[in-house]
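Beneath this line is the structure, given in structure tokens, with notes to follow.
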């Protein structure tokens with residue numbers, strides 16, 4: 001492991017769930033200069049501004065967590081924005097880092113890069129072996145391009161740019177919007193409101209049988225810093241020049257029914273669960289193979305129930321911002 005806490009570290013996307021967790025982790029480890037910029041202060045879509053910022057701030061390391069993100073509806077409605085903005089952000093930050101002589105960069109992707117029918121659990125080698133899920137294909141292609149940008153700068157310029165691909169994330173700073181949130185914040189909010197209203201039943205989309213993997217964002221941040229701090233020889237021993245990304249997850253999954261039952265316990269809901277089988281289930285299973293990360297010395301430490309309790313408490317402390 002290689003850690004120099006005096007280096008200047010830029011976290012792109014620090015206001016998001018992952019970026020804010022990265023800042024917490026770096027600061028807890030004693031990094032003295034974690035640099036952030038709001039969107040108003042630095043537009044990552046502005047190539048010249050990004051290059052100037054990285055050079056003038058004398059950045060030593062970059063964590064690229066900034067991205068345009070959204071749920072199925074947003075991906076279907078604005079596919080051009082999702083592929084364009086993410087490609088531009090990645091290109092500007094990665095190329096800007098290279099121009100400024102930044103040797104170390106970590107790109108954060110998404111498990112949606114894998115084919116929709118990939119063998120479970122999904123290994124890193126599954127990349128580019130089949131068709132993507134159509135609903136988020138533009139976003140996934142942009143994330144794949146980010147991996148390949150890092151690999152290409154490594155091959156051509158001997159940079160040390162790495163990529164990690166997380167499973168489904170949740171935790172502090174998640175999006176609890178009633179229409180645009182992902183499954184965990186959606187369920188936490190729905191069960192919370194059912195308790196407040198004294199409802200005897202909560203309806204959950206689908207049969208409850210699909211299996212999903214969930215990772216607390218603080219574990220994601222810890223894994224990201226772990227991968228970034230690996231010495232180059234160790235990292236290269238477990239990767240390939242054109243297959244360099246690393247899956248990040250728990251290696252375990254649960255059914256949506258089990259997830260809902262856990263959320264019920266966490267929120268104190270004691271009524272009935274009803275599964276609406278007229279609604280779609282999605283893929284039957286989505287689980288990452290994390291054997292590569294495990295071999296590199298890291299595994300998740302936050303249990304699902306403990307993580308859900310923390311996420312729920314964060315929602316309670318900040319629910320005013322989510323009131324519709």
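Each Cα pair under 8 Å and six or more residues apart adds its separation to the average, and for the chain the resulting relative contact order is 19 percent.
Rounded to the nearest 10 degrees, the angle from helix 17-28 to the longest Cα principal axis of the chain is 60 degrees.
In degrees from 0 to 90, rounded to the nearest 10, what is the angle of the helix 47-56 Cα long axis to the longest principal axis of the chain? Approximately 70 degrees, to the nearest ten. Would you mind calculating the relative contact order of the stretch 110-264 from Cα pairs under 8 angstrom and at least 6 residues apart, reporting the percent as a whole number? So the answer I get is 28 percent.
Along the Cα-to-Cβ line of residue 173, 7 Å from the Cα, sits a label point; which residues in the stretch 282-308 have backbone N less than 19 Å from it? Answer for the stretch 282-308: 302, 307-308.
Considering only 73, 14, 192, give the residue with the highest GNM mean-square fluctuation for the chain, with springs between Cα atoms whenever their separation is below 10 Å. It is 73.
Simple spin-label estimate for residue 322 and residue 278 gives 2.7 nm between the two label positions (7 Å along the Cα-to-Cβ direction from each Cα). Where only DSSP H runs of four or more residues are counted, the chain gives -13000 deg cm²/dmol as its mean residue ellipticity at 222 nm, each run worth -39500 (n - 2.57). A Gaussian network model of the chain, with springs between Cα atoms under 10 Å, assigns the largest mean-square fluctuation among 264, 142, 237 to 237. Each of (1) 16.1; (2) 27.5; (3) 19.4 is a candidate for mean projected area of the Cα convex hull in nm²; the one calculated from this structure is (1). Distance from the C-alpha centroid of the stretch 142-158 to that of the stretch 245-324: 31 Å, rounded to the whole angstrom.
Just to confirm the number: angle between the C-alpha axis of helix 183-197 and the first principal axis of the chain, 0 to 90 degrees, nearest 10? It is inclined by approximately 40 degrees. In the elastic network of the chain, a GNM with C-alpha springs shorter than 10 Å, the most mobile of 72, 94, 147 is 72. Taking the centroid of alpha carbons for each part, the stretch 34-71 and the stretch 84-106 are 9 Å apart.
We did not get these values from a lab; they are worked out from the coordinates using the rules stated. Only a predicted model underlies this, so the values are computations on that prediction, with no experimental measurement involved. FYI the Cβ positions are ideal-geometry reconstructions off the backbone, even for glycines, and counts take in every protein chain you see.
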